[in-house]
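Here is the structure we will look at, set down as structure tokens.
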Amino acid sequence: MKITYPHMGNACIAIEAMLQKLKLEVIPPPPISKKTLEIGVKHCPEFACMPLKITMGNFIEALDRGADTILMAGGWGPCRFGYYAQVERDILSDLGYSFEMVILEAPDSRVSELFRQLQALGQNVSIWEAFKALKFAWHKLQVVEELEKKISYVHPRALDKRKAENIYDQALREIKETQDKEEIDQLGISCLASLDQLALRAEEPLRIGLVGEIYTVLEPMANFRIICCLGRLSVEVDNSIYISDWLNDHLLGGLVKKSHRRELVKCAGPYLNYFVGGHGLETVGSTVSYAHQNYDGVIQLGPLTCMPEIVAQSVLKRVSSEEGIPCMTLYFDEHAGAAGIQTRLEAFTDMLRRKKLAKAAMY
Amino acid sequence: MKTVGMPRGLFYYYYYPWYKTFFNDLGARVILSSPTTRITIDQGINKAVDETCFPIKVYFGHVQELCQYDLDYLFVPRIVSIEARSYICPKFMGVPDMIRASFSSLPPLIDITIDLSRSQRSFKEELYKTGQLFSKSRRRIKAAEEHSSQELKYCQTIAAQGYTMAEAIDIWEGQELTSTWDSDLCIGVLGHGYSLYDQTISLDIIGRLRKMGCRVVLPEVLPGERVENEAATMPKRIFWTLGRKMVGSAFSMEKMPEIDGIIYVACFGCGPDSFIGEIIERKLKGKPYMMLVIDEHTGEGGLVTRLEAFCDMLRRRRRQKIEDNLPAYG
């Protein structure tokens, strides 16, 4: 069995670690490229959302490299993601690929169910080994996310931005290859230390909160590396979504660490009082929360025609005027051009800077 | 007498008899917005965000129209789910919040949550709360609810005779419609009721097909149980109520020999339909199938041409079948 999985930002580091510990032969899809998207667009329904097209491209590229099993997540709506695997399986079969699809359905807040699904997936592993595989992957994820948080602080402030990016990319590559827990910790610590040694600007950067649909926020290839672009414009980006938070809230039932979800739901209350699927409610809640924390602005990301984000976007108009926080929505599909996005980001940050200066002059 | 405004959009086409009977029985007057026109559409486009789907924009247009009247309440329910373990669409779940965020002066909203995905109880409670706005008597509210369900069933039996839901509602309201259509073709037409039965949104696809000599078969005509059974052949249960109904209807229609072809009408940007249309297209092997995607820019001419071409193709296919018993494509 040669297993493959879809890419989503740095999640591949954890997923690959877990699958290897389950004693599976892993054939990762090649990094997402323009070609990946082109393949996906060619075979997917025209106005489906972009994550479907990219993951489709991932699967085709991986199957072409010899994978014969696909690992995919499921769900029970109302967001379209819950039916991704079904549609993809039909399309791939019609294309003539022979493969098996393993779909991890989100358990109804029962963690043991998840272990059992993982154990069934693995090659002759005990439930204890399945647990250990998950724990190891979780550990890797924690280290990676710590680095993500650090780079989002250092990058906008660093004088030599390229150097910061290189240190971070290098560390991620090394962590990905490492199978030993202690070594991973060492790599994390040394990366943090070298980032700390970089010379920083004295001026405080703008602070922008990033909200929206999880895939588009986390996958740099789906959002034209927006976090990096903003960092180069000297804007500190706070990401409202991390994979570990999402796993903790939705798969592990809030077992592993304290969940912020309840707070966000409370923040969203006056504007959006109901779960609308996907990340719609979190988008609104996080925006309100950023306003309370005096952030300079919020950028909402989503794939074009994303239903929950459209609801959130409609509501954000009101949040923006009542809470006094500038919001911009960017939708992505296969036609978006990098230069257009860059221009919009520059215009938005210029506007925020002017606003900040005007505010400072008033006092 | 208290007045309740009701937009003529979205689930109006499935539940209007229910809504109207309920409010009337409790002594309220229902004021319905006028049928969709270009003005409704333009007003809706102005108010809603660009990315929403066409039916939601039209709904906003209807709300805008109702805002001109002096209303005691505006009825914009949050329809989460109308059956167990299924949803309609995320946008339906956020409609009252989207409306609140987009309109500055609104009459008080009745935004009850209709969620039958887990149990009936919370829904009954919401209904009772709504009823209390008009009547203190719990018995009267309960009676109104029962009466409403009967009226809805009656209206559905009218639709089962081959009328569209919009026509069925007219008949239910006491209008007389003639139902003699000359036809030599029979076409199954699928789509969400709120886009299909709104003559302006769908550019009157059904009326046009009838004029072209087609008998139109709609999902409401098919027995619900058969539709469910056909939909259950999918490996994973489809968790959108309307999507499942459409897939089940398409599979049922494929097995009906009198149906010559199937047309699916979807609105651009409809999340569920981007998948449902694809699923039907892939599974439907035995019958000609056409998917029409419409939005606010649709030009009538293009649509008419496609309908005519589809009908011509079906007619030719049938002639050829009689002549040499071969399908046109093979």
Hey, with R₀ at 25 Å, roughly what FRET efficiency would A:E105 and A:I127 work out to, going by the Cβ-Cβ distance, to 0.05? 0.85
I need the trypsin sites (Lys or Arg not before Pro) found in the stretch B:269-324, filtered to DSSP loop residues with at most 16 other beta carbons within 10 Å of theirs. B:K285
Hey, in the GNM for chain B with a 10 angstrom Cα cutoff, which one of B:M253, B:M165, B:M290 fluctuates hardest? B:M290
Candidate aspartates and glutamates for bridging to B:K255, where Cα separation is under 16 Å - those fewer than 8 sequence places away on the same chain excluded: B:E225, B:E228, B:E230, B:E281
Taking the Cα centre of each part, how many Å lie between the stretch B:2-18 and the stretch B:197-268? 23
Evaluate E = 1/(1 + (r/R0)^6) for B:R237 and B:I39, where r is the Cβ-Cβ distance and R0 equals 35 Å; express this FRET efficiency to the nearest 0.05. 0.25
Of B:V221, B:S183, B:W240, whose Cα points farthest to the positive end of the dipole of the stretch B:161-241 (charges on the beta-carbon: +1 Lys, Arg; -1 Asp, Glu; origin at the Cα centre)? B:W240
Mind running the shape call on the stretch A:1-107? Use the C-alpha gyration tensor, a ≥ b ≥ c as the square roots of the eigenvalues: rounded below 1.5 for a/c, prolate if a/b tops b/c, oblate otherwise. rounded
Considering the dipole of the protein assembly as shown built from charges on the beta carbon (Lys and Arg +1, Asp and Glu -1) around the Cα centre, which of B:A101, B:A144, A:Q123 is farthest to its positive end? B:A144
State to the nearest 20 debye the size of the charge dipole of chain B about its Cα centre, where the only charges are +1 on K and R beta carbons and -1 on D and E beta carbons. 880
Most fluctuating residue given options A:A222, A:A67, A:A193, as computed from a GNM of chain A linking Cα atoms under 10 Å: A:A193
Could you put B:Y128, A:Y97, A:Y363 in order, starting from the residue whose Cβ has the fewest other Cβ atoms within 10 Å? A:Y363, B:Y128, A:Y97
Considering the dipole of the stretch B:3-159 built from charges on the beta carbon (Lys and Arg +1, Asp and Glu -1) around the Cα centre, which of B:Q43, B:A84, B:I158 is farthest to its positive end? B:A84
Give the average, rounded to an integer, of partner chain Cβ atoms located within 10 angstrom of each Cβ in B:75-82. 1
Mean separation of Cα contacts under 8 Å, 6 or more apart, over the residue count of chain A: relative contact order %: 16
What shape does the stretch B:3-159 take by its C-alpha gyration tensor, where a ≥ b ≥ c are the square roots of the eigenvalues and a/c under 1.5 counts as rounded, a/b above b/c as prolate, and the rest as oblate? prolate
Residues of type lysines that B:K142 reaches as a straight line, Cα spacing below 18 Å, ignoring anything fewer than 8 places off in the same chain: B:K20, B:K124, B:K129, B:K153
How big is the gap, in Å, between the Cα center of the stretch A:1-23 and the Cα center of the stretch A:163-215? 21
If you average the C-alpha positions of the stretch B:94-161 and of the stretch A:64-98 separately, how far apart do those two centres end up, in angstrom? 39
Rounding to the nearest 10 and keeping the result within 0 to 90°, find how far the Cα-based axis of helix A:127-157 lies from the longest principal axis of chain A. 20
Residue separation between A:Q197 and A:D160 times 0.36 nm, minus their alpha-carbon distance, gives in nm 12.2 nm
Of B:T241, B:T305, B:T37, the one that fluctuates the most in a GNM where chain B has Cα springs shorter than 10 Å: B:T305
Residue by residue through B:270-283, how many Cβ atoms from other chains fall within 10 Å of the Cβ on average? 5
Filter the chymotrypsin sites (Phe, Trp or Tyr not before Pro) in the stretch B:15-89 to those in DSSP coil with at most 15 other Cβ atoms within 10 Å of their Cβ, and list the result. B:Y69
B:K236, B:K255 arranged by Cβ crowding within 10 Å, fewest neighbours leading: B:K255, B:K236
Whether chain A is rounded, prolate or oblate, judged on the alpha carbon gyration tensor where a/c under 1.5 counts as rounded: prolate
What is the extension gain from A:A358 to A:K34, computed as 0.36 nm multiplied by their sequence separation minus the C-alpha to C-alpha distance, in nm to one decimal? 112.5 nm
How about the stretch A:1-84: which GluC sites (Glu not before Pro) there lie in a loop by DSSP and see at most 15 other Cβ atoms within 10 Å? A:E46
Taking every residue of A:48-58, the Cβ atoms of other protein chains inside 10 Å of its Cβ average out to 1
Over chain A: helical MRE at 222 nm, DSSP H runs n ≥ 4 each giving -39500 (n - 2.57), nearest 500: -18000 deg cm²/dmol
Only four residue types carry charge here, +1 at the Cβ of Lys and Arg and -1 at the Cβ of Asp and Glu. Report the dipole size of the stretch B:3-159 about the Cα centre in Debye, rounded to the nearest 20. 460
If I model a spin label at A:A339 and A:Q20 as a point 7 Å from the Cα along the Cα→Cβ vector, what separation in nanometres do I get? 4.2
What dipole magnitude, in Debye to the nearest 20, does the protein assembly as shown give about its Cα centre under +1 on Lys/Arg Cβ and -1 on Asp/Glu Cβ? 860
Sorted by chain and then number, the residues having a modelled amide H within less than 5 Å of the amide H of B:R78, at least 5 places away or on another chain, are B:I112, B:T113, B:I114
Which value in nm describes the separation of the simple spin-label points at A:Q179 and B:Q175, placed 7 Å from the Cα toward the beta carbon? 7.3
Separation in nanometres of the label points that stand 7 Å from Cα toward Cβ, at A:E146 and B:E296: 5.1
In this structure, the FRET efficiency calculated for B:Q120 and B:V221 from their beta-carbon separation, with R0 = 30 Å, to the nearest 0.05, is 0.60
Between helix A:338-362 and chain A: long-axis angle, C-alpha atoms, 0 to 90°, nearest 10: 40
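Just so you know, all these numbers are worked out from the coordinates, no wet-lab data involved. These figures come from a predicted structure and were not determined experimentally. Positions of Cβ are backbone-derived with ideal geometry, glycine not excepted, and every protein chain shown enters the neighbour counts.
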